[in-house]
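Report on one structure; see the data block that follows.
The values are calculated or read from the model by the stated rules, or taken from the named source; none is laboratory data. Remember, predicted model here, so these are calculated numbers, not experimental data. Here the Cβ positions follow ideal geometry from the backbone for every residue, glycine too, while neighbour counts run over all protein chains shown.
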C-alpha cells in the first residue's frame, strides 16, 4: 500500500491529513500547480476575457491573478473575501478556494465572486455552490450550466468538481424560481449523482494513494 503524503499542500501535510474543523484556522498554501495539464486546458477553454483568478496559487490562468500568499507572485495580494474590485468588473471569475473551518470567510468569498463577475463563475472544489434549483447560492443571477468531474491523486483522492455558472438576462428574487428552465433542476440532480459515484468509487479503493 502506498504511503499517503501531502507534501505539495503544506497546510494539510503539517497536520498529517487532519482536516481543520469548525472554528479552526490554518494557513493554506501550495508548492506547485495541483491541476493536471488537461484540467488546466479545460478550464482555460472556459474563460471569457477579461478573467480574474481568485486564490490562484501557482496557476498561470487568468488575466488578473490574486492570492493572499505573496510567494506565488500574484498580480495583487488580497483577501479573497474582500476583493478590491468594482461590481461586475470581470467577465469570468475563476476560483479554487482553500475552504476551511472559518465559515463566515467561506460565505463572504462566495458573495465576492458573484459581485465582481459579470458573465461567468467557474468554481473548482468538491461541492457545488448551488441551491436545489441550480442557482448560485449567493446571487441567483447566475445559474449552473456545466459540470466537469475529474479524479486527482491529491486532495484526499476524492472526485473534484468544476462547476460553471453563467449569468442570465432575467432572474427572480431568492424567494421564487420561475426562470422557465426546468431542465436545470434535472441537470443538477444528475451532476450530483455522478459526483457521488466518483466519491464512492474512490472511497472503496484501498490502493488509492496521494502524490
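Here residue 126 does not fit the description of being touching a helix residue (DSSP H, G or I) at 6+ places or on another chain (Cβ under 6 Å) and either surrounded by fewer than 17 Cβ atoms within 10 Å (Cβ to Cβ) or modelled with pLDDT under 60 (or both). Among the residues of segment 134-167, just one is in a loop (DSSP other than H, G, I, E, B), at pLDDT 85 or above and surrounded by fewer than 17 Cβ atoms within 10 Å (Cβ to Cβ), namely 137. Go through segment 102-147 and count every residue that is touching a residue at least 24 places away in the same chain (Cβ under 8 Å), under 21 Å from residue 169 (Cβ atoms) and more than 14 Å from the chain's Cα centre (by Cα). Final tally of qualifying residues: 14. Among the residues of segment 109-128, those that are touching a strand residue (DSSP E or B) at 6+ places or on another chain (Cβ under 6 Å) and assigned to a helix (DSSP H, G or I) comprise 113, 114, 116. Determine, yes or no, whether residue 173 is at pLDDT below 75 and more than 17 Å from residue 46 (Cα to Cα). Against the criterion (at pLDDT below 75 and more than 17 Å from residue 46 (Cα to Cα)), residue 173 qualifies.
Among the candidates 23, 41, single out the residue that is surrounded by fewer than 14 Cβ atoms within 10 Å (Cβ to Cβ), at pLDDT below 95 and within 21 Å of residue 119 (Cβ to Cβ).
41
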